[in-house]
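**Q** The structure follows.
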There are 2 protein chains.
Amino acid sequence: MTATSYFPPLRTLMGPGPSDVHPRILGAMARPTIGHLDPSFVAMMDDVKGMLQTVFQTKNQLTLPVSAPGSAGMETCFVNLIEPGEKVVVCQNGAFGGRMKENVERVGATPVMVEDEWGKAIDLNKVETALKENPEVKVLAFVHAETSTGVQSDAKALAELARKYDCLTIVDAVTSLAGTPLKVDEWGLDAVYSGTQKCLSCTPGISPITFSERAIERIKARKQKVQSWFLDLNLVMGYWGEGAKRAYHHTAPINALYAFHESLVMVHEEGVENAWTRHQQNHEVLKAGIEALGLKFLVAKEHRLPQLNAVCIPEGIDETQVRQLLLNQYNLEIGAGLGALAGKVWRIGLMGHASNLNNILLCLTALETALKAQGFKCVEGAAATAAQAELVAQGR
Amino acid sequence: MTATSYFPPLRTLMGPGPSDVHPRILGAMARPTIGHLDPSFVAMMDDVKGMLQTVFQTKNQLTLPVSAPGSAGMETCFVNLIEPGEKVVVCQNGAFGGRMKENVERVGATPVMVEDEWGKAIDLNKVETALKENPEVKVLAFVHAETSTGVQSDAKALAELARKYDCLTIVDAVTSLAGTPLKVDEWGLDAVYSGTQKCLSCTPGISPITFSERAIERIKARKQKVQSWFLDLNLVMGYWGEGAKRAYHHTAPINALYAFHESLVMVHEEGVENAWTRHQQNHEVLKAGIEALGLKFLVAKEHRLPQLNAVCIPEGIDETQVRQLLLNQYNLEIGAGLGALAGKVWRIGLMGHASNLNNILLCLTALETALKAQGFKCVEGAAATAAQAELVAQGR
């Protein structure tokens, strides 16, 4: 055991998250801690709420950061909206749909699974069939942006289907928030959770959530208490609600919220629509390079997340060795495949602050070197050249 | 709504937590984020575990920081160790015993309450009666250091009682860890949770826990899955367990863990026994001053927590006005009373880095000014003089 100060290496984070955190956000995190009931802190909480509403594109009053990582945000949605004995339609086309299933079961409810292949978008027809066959279902749960595969599903159409069958929606937007269009009010989503360590470029540990009025009504009409005291929104609202009088619930993670606040200020400065465009354009630049290398994407063009690129590992390549070379030689982290895709894809993140040209060029060059080291055939420098050409084509 | 960077005021934090965070810890928090599966981060996790074992005075393998505040640490203990339909003896002598009751109920179990007055230590005789009368009970839950009252109960004797009746113990050590003796192995405690924002002087948001082998056996023998996916220790252990192969469970709050690591390094440098002594000595200095002011402590001497001083509000004093004057004029935060003690006591914290002479002198001077402003009679400067005299008597 070592008991001396820890200094992390300087990495470039192009995995599935955390993404590179902007120095402004790190700086905010180190500001002096104050009390969670301090009037100054309470005023800051109001700004966090307002900015978060803009990023989620919602007027939902119940919009706040849960004091724990994205998986606790997911759990917040399920434990508050579902009661034991109920049935929930859960779409699974990757790892996080599977985690939703676990959440439903642990609430004492029954998941009705709608499964699609990993790497494919959620099939609307299958969902409609499940909703039709299970009229007692009151909630449809799905992942907007599957972090395990790089697929985005049609959240708007799924929410329409849910309304048609009188269901609320629980939506995983961990990787989509601030990276690709997400319009909570326009699409009529009911309970949405996200994370800070993806397209917000913030440190991990906080989960932004937003709940519609219909979702709040459902919570208020519950027969049983929420099974988690820590995640019970009836109690959390007492602290994050309106007015100067905030009831103590738990001690908020003050400095993590400073960082989260700063990340929202930065999105606000750029404009959330501009952030979506930047993510899309940078994806196109990376894509040009990846294809020039001779590599293929897992996901069909129309369902690809610009911020999370699942790239198929060519036959005969030792993928672990590639990631190790990237990490050890370039201090560059890209993600391995998860679950059904372990060993089959790399996940290259272009999220938030990390979605920039320098990172793209570094990644393409490093990948080319690592692949060539294993005898992979590709034209020298073609990737970087193609990326630059795409950049010019975009008029940048 | 304001959407500009937030700069908190510089406060001195002498409430019930968060306490003043040392600049070294704030600095650690701002170090560059790396991945939660990065080999360098995984090595740091091992050091966190080792140092935390020392602070808890335990060899328990299952010793780790939960990625959420202390109330999630509490919930971790209850959801993992208790199953629906069971009975649990819960001691309540303040706000946090009441929260334990809520936790037991939300697991679907029945709390058998042993109640003591707020401000009094837990009565061992009452606990023994409850255990004797309920032989089916398998867990005794109690608060070692009640943050709402400033009382410490006899954790060693309570654990002995528990063993006599074949019960495991769940122990709230949120405020005691690193501030007053807490000896997990010597006392035979089974599931202990704490917080970072008290005597570790760290930012809030993380909950250190430790589980004995007997507690782990209980978890492994569960009939039902743990109701929380996020807090299921079977899964969390896959990430925090032994060896280089860590299974992804959730994204750890990387920077919060840098800060936690640094706080443990600082305790390690001082020595945990020395930290206990410092807290005790500084309490005596504050006490000399408080009594010279003519104020009284809520808690009997032998049960007082040195790090959390519940001071009775003199008759006729507007306590809110006092706290506001302290905050606005001196940037000094002390705590209000909670629950049954609202309006009756102030809670003056001397925790971690904030347990120092400068803070004590500031607090005494500011309190004297605030009380005199309301016509309270006290000898000018007597508090500071008495504090200095105690300091000399201690040979410091």
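**Q** How do the peptides A:369-378, B:23-32, B:131-140 rank, highest first, by the average count of neighbouring beta carbon atoms within 10 Å per residue? Could the numbers behind the result be given before it?
**A** Values: A:369-378: 14.6, B:23-32: 20.2, B:131-140: 16.4.
Descending packing order for the listed peptides: B:23-32, B:131-140, A:369-378.
**Q** Which of the listed residues, A:I360, A:Q280, A:G335, is farthest toward the dipole's positive end in the stretch A:272-393, when Lys, Arg count +1 and Asp, Glu count -1 at the beta-carbon?
**A** Farthest along the dipole direction, towards plus: A:G335.
**Q** Next up: Hey, what's the Kirkwood Rh for the stretch A:272-393 if you take every pair of different alpha carbons, in angstrom? Kindly include the intermediate steps, with their values, before the conclusion.
**A** Numbers: mean 1/r = 0.0692 Å⁻¹.
Kirkwood hydrodynamic radius for the stretch A:272-393: 14.5 Å.
**Q** Right, something else. Taking loop as defined by DSSP and a crowding limit of 10 other beta carbons within 10 Å, which GluC sites (Glu not before Pro) in the stretch B:166-259 fit?
**A** B:E242
**Q** What is the local net charge at A:L367, summed over the other residues whose Cβ is closer than 12 Å to its Cβ (Lys, Arg +1; Asp, Glu -1)?
**A** Net charge around A:L367: 0.
**Q** Shielding of B:72-84 by partners, i.e. mean partner chain Cβ atoms within 10 Å per residue?
**A** What the average comes to for B:72-84 is 2.
**Q** Let me check I've understood the local charge: for A:L182, count other residues with C-beta under 13 angstrom from its C-beta, Lys and Arg +1, Asp and Glu -1. What total comes out?
**A** Numbers: positive: A:K156, A:K183, A:K198; negative: A:D154, A:D172, A:D185, A:E186, A:E273.
Summing Lys and Arg as +1 and Asp and Glu as -1 gives -2.
**Q** Using only the alpha carbons of the protein assembly as shown, what is the convex hull's orientation-averaged projected area in square nanometres?
**A** Computing the convex hull of the Cα atoms and averaging its projections yields 32.7 nm².
**Q** Got a sec? How would B:M113, B:M351, A:M1, A:M51 order by Cβ neighbour count within 10 Å, fewest to most?
**A** Ranked by crowding around the Cβ, least crowded first: A:M1, B:M113, A:M51, B:M351.
**Q** Quick one: go through the stretch B:256-299 and flag any residue whose amide nitrogen is under 16 Å from the point 7 Å out along the Cα-to-Cβ line of B:R396.
**A** B:270-271, B:273-291
**Q** On to the next question. Between A:Q224, A:Q61, A:Q152, find the one with the highest GNM mean-square fluctuation for chain A; connect C-alpha pairs within less than 10 Å.
**A** Of the options given, A:Q224 has the highest mean-square fluctuation.
**Q** Give the Rg (one decimal place) followed by the Dmax (whole number) of the stretch A:175-251, computed from C-alpha coordinates and expressed in Å.
**A** For the stretch A:175-251, the Cα-based Rg and Dmax read 14.4, 39 Å.
**Q** In the neighborhood of B:N331, defined by Cβ-to-Cβ distances under 14 Å, what is the net charge if each Lys or Arg adds +1 and each Asp or Glu adds -1?
**A** -1
**Q** What is the spin-label model distance, in nm, from A:M113 to B:R214 if the labels are put 7 Å beyond Cα along the C-beta direction?
**A** 4.0
**Q** Using the beta-carbon distance between B:D46 and A:S5 and R0 = 22 Å, what value does 1/(1 + (r/R0)^6) give for FRET efficiency, to the nearest 0.05? Each step should come with its number before you reach the end.
**A** On the way: r = 15 Å, r/R0 = 0.70.
Given R0 = 22 Å and the Cβ-Cβ separation, E is 0.90.
**Q** Right, here's the next one. Using DSSP H assignments, which helices in chain B have an axial alpha-carbon span of 18 Å or above and a mean Kyte-Doolittle hydropathy of 1.0 or higher? Mind dumping the intermediate values first?
**A** On the way: long enough: B:39-56 (26 Å, 0.64); B:254-270 (25 Å, 0.37); B:272-292 (30 Å, -0.91); B:357-372 (23 Å, 1.10).
Within chain B the helices that satisfy the rule are B:357-372.
**Q** Using a Gaussian network model on chain A with a 10 Å cutoff between Cα atoms, which of A:I34, A:I82, A:I360 fluctuates the most?
**A** Of A:I34, A:I82, A:I360, the Gaussian network model singles out A:I34 as fluctuating most.
**Q** For the stretch A:334-396, would you read off the P(r) tail past 19 Å as a percentage of all alpha carbon pairs?
**A** More than 19 Å apart: 44 percent of the Cα pairs in the stretch A:334-396.
**Q** Work out from phi, with θ = phi - 60° and the Karplus expression 6.51 cos²θ - 1.76 cosθ + 1.60, the ³J(HN,Hα) of each residue of the stretch B:6-22, listed in order in whole Hz, and give x for Gly and Pro.
**A** 9, 10, x, x, 8, 9, 9, 9, 10, x, x, x, x, 9, 3, 9, 5
**Q** Ratio of Rg to Rh for the stretch A:58-181, alpha carbon only, Kirkwood?
**A** Values: Rg = 13.5 Å, Rh = 14.5 Å.
We get a ratio of 0.93 for the stretch A:58-181.
**Q** Given that compact globular proteins tend to follow 2.2 N^0.38 Å, what is the ratio of the alpha-carbon Rg of the stretch B:128-238 to that value?
**A** In units of the 2.2 N^0.38 Å rule of thumb, it is 1.12.
**Q** Still on this structure: So what is the 222 nm mean residue ellipticity for the protein assembly as shown from helices alone, if each DSSP H run of at least 4 adds -39500 (n - 2.57) and you divide by all residues, rounding to the nearest 500 deg cm²/dmol?
**A** That comes out to -13000 deg cm²/dmol.
**Q** Can you report the principal axis dimensions of the stretch A:22-269 using only the alpha carbons, biggest first, rounded to whole angstrom?
**A** That works out to 55, 38, 28 Å along the principal axes.
**Q** A further question on this structure: Any chance you could check the Cα centroid distance between the stretch B:73-144 and the stretch B:338-384 for me, in angstrom?
**A** Their Cα centres are 34 Å away from one another.
**Q** Another question, then. Would you mind checking the pairs A:K138/A:K164; A:K87/A:K132; B:K101/B:K225; A:K138/A:K220 and listing those with alpha carbons more than 18 angstrom apart?
**A** Over 18 Å apart, Cα to Cα: B:K101/B:K225.
**Q** Here's another thing I want to ask about it. Could you list the residues of the stretch B:268-301 with an amide nitrogen less than 20 Å from a label point located 7 Å from the Cα of B:K377 in the Cα-to-C-beta direction?
**A** B:290-297
**Q** Report the residues of the stretch A:169-212 in range of a label on A:R24: point 7 Å along Cα→C-beta, backbone N strictly under 14 Å from it.
**A** Residues passing the 14 Å test: A:200-202.
**Q** GNM on chain A, C-alpha springs below 10 Å: top fluctuator among A:T180, A:T147, A:T110?
**A** A:T110
Quick note: the coordinates plus some simple rules give every number you see, no bench work behind them. All values reported here derive from a predicted model rather than from experimental measurement. All Cβ positions, even for glycine, are placed from backbone atoms using ideal geometry, and neighbour counts span all protein chains on display.
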